[in-house]
Amino acid sequence: MAAQKPRAHRVGEEIKKEVSQILQNEIKDPRLTGFLSVTQVEVTNDLGYARIFVSIYGTEEEKQLTLKALESALGFIRSETGKRIRLRHVPEISFQLDESIEYGAHISEILKDLKEKEGKGEDSD
């Protein structure tokens, strides 16, 4: 996606805030398992589309169930967002899984293991 204009960025931040609140307080779908958070929202410069990145902590099965629940609640989420944000046209919303937090935790774990092995190697000398 090309660089966002300032207005698209502001709208994206507002959508992020509102969708986070909607997911936390309004959606009561039992498929929303694990820890779910909105990490980023990218809005096209014409404000027609918004790609919402979500981080889901859980098993692969829980992630897929949560994404399906989000897809089925898409209409409700979009209409609620429209009520909370004053826009002439509410962007079409799509959800995408953001693996960056999990990836970062994995890298941290690898570095921690390497540091422990390095420490043990020095002790045996």
(request) Please work out the C-alpha center-to-center distance from the range 1-49 to the range 95-112 and express it in whole Å. (result) 20
(request) Quick one: net charge around Gly48, please, counting Lys, Arg +1 and Asp, Glu -1 for every other residue with C-beta under 15 Å from its C-beta. (result) +2
(request) Would you grab the residues whose amide H sits under 5 Å from the one on Tyr49? Only those 5+ places off in sequence or on another chain, please, with H modelled 1.01 Å from N. (result) Thr44, Glu92
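Among DSSP beta bridges whose residues both lie in the chain, state the antiparallel percentage, nearest 5. Spell out each step's value before the answer.
On the way: 8 of 14 bridges.
For the chain, the DSSP antiparallel bridge percentage is about 55.
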(message) Using Cα-Cα distances under 8 Å and only pairs 6 or more residues apart, what relative contact order does the range 6-99 have, in percent?
(response) 33
(message) Are there any trypsin sites (Lys or Arg not before Pro) in the range 77-123 that are in a DSSP loop and have at most 16 other Cβ atoms within 10 Å? List them by number.
(response) Arg86, Arg88
(message) What does the charge count around Arg31 come to, taking other residues whose C-beta lies under 12 Å from its C-beta (Lys +1, Arg +1, Asp -1, Glu -1)?
(response) -1
(message) Rounding to the nearest 10 and keeping the result within 0 to 90°, find how far the Cα-based axis of helix 6-25 lies from the longest principal axis of the chain.
(response) 80
(request) About the Cα centre of the chain, how large is the charge dipole given +1 on each Lys and Arg Cβ and -1 on each Asp and Glu Cβ? Please answer in debye to the nearest 20. (result) 1080
(message) What are the ³J(HN,Hα) couplings of the range 99-110, residue after residue, when phi is run through the Karplus curve with 6.51, -1.76, 1.60 and θ = phi - 60°? Round to Hz, x for glycine and proline.
(response) 8, 5, 5, 5, 4, x, 5, 5, 4, 4, 5, 4
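Here, each number is a calculation from the coordinates, and none is a lab measurement. Computed from a predicted structure; not experimentally measured. Neighbour counts run over all protein chains shown; Cβ positions are idealised from the backbone, glycine included.
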